[in-house]
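Asks: Below you'll find the structure I mean.
The values are calculated or read from the model by the stated rules, or taken from the named source; none is laboratory data. Please read these numbers as outputs of a predicted model, since none were measured by experiment. In this analysis, Cβ positions are derived from the backbone assuming ideal geometry, glycine residues included, and neighbour counts consider all displayed protein chains. Heavy atoms of the whole protein, side chains included, go into the accessibility calculation; ligands, DNA and RNA do not. Shrake-Rupley method; radii C 1.70, N 1.55, O 1.52, S 1.80 Å.
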Amino acid sequence: MKSVWVLQHTASENLGTIEYALRGHQIEFAYIETHRAKAVPPEMADKAGLVVMGGPMGVYEEAAFPFLRDEMRLIESALALGHPVLGVCLGSQLLAAVLGAEVTKGPRKELGWYEVVLTESGRSDSLFANVQPSFWPFHWHGDVFSLPKGSVSLASSQQTAHQAFRHGKNAYGLLFHLEVTKPQIAEMLNVFVDELREAGASSAEIAEQTPRHLTALQAIASDVFNRWAAML
């Protein structure tokens with residue numbers, strides 16, 4: 001049975017609905033819990049793909065979080081082998097950095113529900129071909145990245161030029177959170193309450209908006225993640 005590595009940086013940001021797609025395709029997964037000091041494997045070994053989840057740290061904070069260097073080497077290993085890669089939030093930033101892009105702090109944090117619009121390339125992309133031209137995913141990021149050389153921009157928001165990109169045929173970076181579940185959102189609102197306060201965002205407003213957007217988002221997520229799992 002095929003299996004993938006999952007790099008996890010905080011307990012609240014797990015696979016979410018990505019797990020359903022993997023299980024549906026009979027693909028096993030193994031978490032590498034770097035937030036619990038688990039070592040990052042030096043290479044992909046027999047794994048068929050790599051998923052890199054979100055987290056509160058920045059790509060440029062390698063001195064404080066040295067495991068980020070190990071993660072980037074593992075991403076490089078997956079890319080060199082041509083294995084599918086899926087980076088979410090911090091994971092997309094790490095993928096972008098490995099590909100030579102600049103990752104920096106954005107002008108302000110994007111926390112909560114915001115619309116994204118697919119580019120022309122996004123509308124014809126193999127993962128997003130069945131997705132409407134615009135939709136409302138969940139966001140939780142303060143950093144942004146330039147488009148890696150040779151990559152294709154797939155989506156943008158009013159604030160952020162590159163919300164999603166593809167490199168090659170099967171390496172994807174999603175800055176937004178397509179994978180979220182209701183419990184995940186509730187936990188993030190609780191765990192990152194100081195970040196919300198600093199950004200001037202309202203947890204009550206985000207929670208109120210969740211029922212309006214989550215059902216539609218999970219339908220999109222199911223289609224997108226099943227298409228990615230089929231690449232493994």
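Asks: So with the 1.4 Å probe, I'd like the accessible area per residue for region 94-232, rounded to whole Å².
Replies: Values: 6290 Å² over 139 residues.
Averaged over the residues of region 94-232, the accessible area is 45 Å².
Asks: Let me ask something else about it. Is the shape of region 1-143 rounded, prolate or oblate, going by the alpha carbon gyration tensor and its root eigenvalues a ≥ b ≥ c, with a/c under 1.5 for rounded and a/b larger than b/c for prolate?
Replies: Details: a/c = 1.55, a/b = 1.13, b/c = 1.38.
Verdict is oblate for region 1-143.
Asks: Using helices alone, what [θ] at 222 nm do you get for the chain, with -39,500 (n - 2.57) per DSSP H run of 4 or more residues, divided over all residues and rounded to the nearest 500?
Replies: Details: 7 runs with 80 residues, N = 232.
After summing the helix terms and dividing by residue count, I get -10500 deg cm²/dmol.
Asks: Taking the alpha-carbon centroid of each part, what is the distance from region 121-178 to region 92-108 in angstrom?
Replies: 13 Å
Asks: Let me ask something additional. Around residue 8, with a cut-off of 11 angstrom between Cβ atoms, what is the net charge of the other residues, counting Lys and Arg +1 and Asp and Glu -1? Could you put the intermediate results ahead of the total?
Replies: On the way: positive: 36, 38; negative: 13, 33, 71.
Computed value for this residue: -1.
Asks: Skipping prolines and chain starts, which residues have an amide H placed within reach, meaning under 5 Å, of the one on residue 86, given they are 5 or more residues away or on another chain?
Replies: Residues meeting the amide H criterion: 50, 51, 52, 172.
Asks: Answer rounded, prolate or oblate for region 102-149, using the Cα gyration tensor with square roots of eigenvalues a ≥ b ≥ c: rounded when a/c is under 1.5, else prolate when a/b is larger than b/c, else oblate. Could you put the intermediate results ahead of the total?
Replies: Details: a/c = 3.18, a/b = 1.42, b/c = 2.24.
Oblate.
Asks: Please give the contour-minus-distance gain from residue 204 to residue 46: 0.36 nm per residue of separation, less the Cα-Cα distance, rounded to one decimal in nm.
Replies: Values: separation 158, 0.36 × 158 = 56.88 nm, distance 4.44 nm.
Gain in length upon complete extension: 52.4 nm.
Asks: Using a probe of 1.4 angstrom, how much of the accessible area of region 1-56 is carbon and sulfur, in percent? Before the final figure, lay out each step's value.
Replies: Numbers: 1180 of 2540 Å².
Heavy-atom surface of region 1-56 belonging to carbon and sulfur, 1.4 Å probe: 46 percent.
Asks: Beta carbons within 10 angstrom, averaged per residue: use that to sort the peptides 176-187, 142-153, highest first.
Replies: Numbers: 176-187: 20.0, 142-153: 17.4.
Ranked from most to least packed, the peptides come out as 176-187, 142-153.
Asks: When the Karplus curve 6.51 cos²θ - 1.76 cosθ + 1.60 is applied with θ = phi - 60°, which whole-Hz ³J(HN,Hα) does each residue of region 136-153 get, with x for Gly and Pro?
Replies: Once rounded to whole Hz, the list reads 10, x, 8, 10, 7, 8, x, 9, 9, 9, 6, 6, x, 4, x, 9, 10, 6.
Asks: Relative contact order of region 160-212, please, whole-number percent, based on alpha carbon pairs below 8 angstrom and at least 6 residues apart.
Replies: Working: 21 pairs, mean separation 10.9, N = 53.
Taking the mean separation of contacting Cα pairs over the length of region 160-212, I get 21 percent.
Asks: Additional query: Between residue 182 and residue 232, what is 0.36 nm times their sequence separation minus the Cα-Cα distance? Round to one decimal in nm.
Replies: On the way: separation 50, 0.36 × 50 = 18.00 nm, distance 2.73 nm.
Gain in length upon complete extension: 15.3 nm.
Asks: Distance from a point 7 Å along Cα→Cβ of residue 80 to each backbone N in region 44-62: keep the residues under 17 Å and list them by number.
Replies: 44-50
Asks: While we're here: Collect residues whose amide H, placed 1.01 Å from N in the peptide plane, falls under 5 Å from the amide H of residue 106; neighbours closer than 5 in sequence don't count.
Replies: 143, 144
Asks: Right, next: I need to check one value: relative contact order of the chain, counting alpha carbon pairs closer than 8 Å and at least 6 residues apart, in percent.
Replies: Details: 468 pairs, mean separation 49.8, N = 232.
Relative contact order for the chain comes out at 21 percent.
Asks: Report the antiparallel proportion of the DSSP beta bridges in region 1-137 as a percent, rounded to a multiple of 5. Numbers along the way, then the final one.
Replies: Details: 2 of 15 bridges.
Approximately 15 percent, going by the DSSP bridge assignments.
Asks: Calculate the FRET efficiency for residue 197 and residue 38 from the Cβ-Cβ distance with a Förster distance of 22 Å, rounded to the nearest 0.05.
Replies: 0.10
Asks: Once you've got the Cα coordinates, tell me which of 38/149; 47/105; 47/109; 2/105; 2/109; 109/149 are over 29 Å apart.
Replies: Values: 38/149 32 Å; 47/105 32 Å; 47/109 34 Å; 2/105 37 Å; 2/109 37 Å; 109/149 25 Å.
Flagged as over cut-off: 38/149; 47/105; 47/109; 2/105; 2/109.
Asks: In addition: Provide the gained length on full extension for the span residue 215 to residue 63, in nm with one decimal, where the gain is 0.36 nm per separating residue minus the Cα-Cα distance.
Replies: Gain on stretching residue 215 to residue 63: 50.8 nm.
Asks: Tell me which residues come under 5 Å, amide H to amide H, from residue 29 once H is placed; ignore anything under 5 positions away on its chain.
Replies: 4
Asks: Using the Cα centre of the chain as the reference point, and only Cβ charges (+1 on K/R, -1 on D/E), how large is the resulting charge dipole? Debye, rounded to the nearest 20. The partial results should precede the final answer.
Replies: Values: 18 positive and 25 negative charges, 88 e Å.
Result for the chain is approximately 420 debye, rounded to the nearest 20.
Asks: Label region 93-179 by shape, choosing from rounded, prolate and oblate, from the square roots a ≥ b ≥ c of the eigenvalues of the Cα gyration tensor; if a/c is under 1.5 it is rounded, and otherwise prolate applies when a/b is larger than b/c, oblate when it is not. It would help to have the intermediate numbers written out before the result.
Replies: On the way: a/c = 1.87, a/b = 1.04, b/c = 1.79.
It comes out oblate by the Cα gyration axes.
Asks: Next up: Apply the Karplus curve 6.51 cos²θ - 1.76 cosθ + 1.60, θ = phi - 60°, to the phi angles in region 106-112 and return the couplings in whole Hz, x for Gly and Pro.
Replies: Result, rounded to whole Hz: x, x, 7, 6, 10, 10, x.
Asks: Further question: Out of the DSSP beta bridges found with both residues in the chain, what percent are antiparallel (nearest 5)? Before the final figure, lay out each step's value.
Replies: Details: 21 of 38 bridges.
Percentage antiparallel, nearest 5: 55.
Asks: Just to check I understand the Karplus step: with θ = phi - 60° and J = 6.51 cos²θ - 1.76 cosθ + 1.60, what whole-Hz values come out for region 85-99, glycine and proline as x?
Replies: 10, 10, x, 10, 6, 3, x, 5, 5, 5, 4, 4, 5, 4, 7
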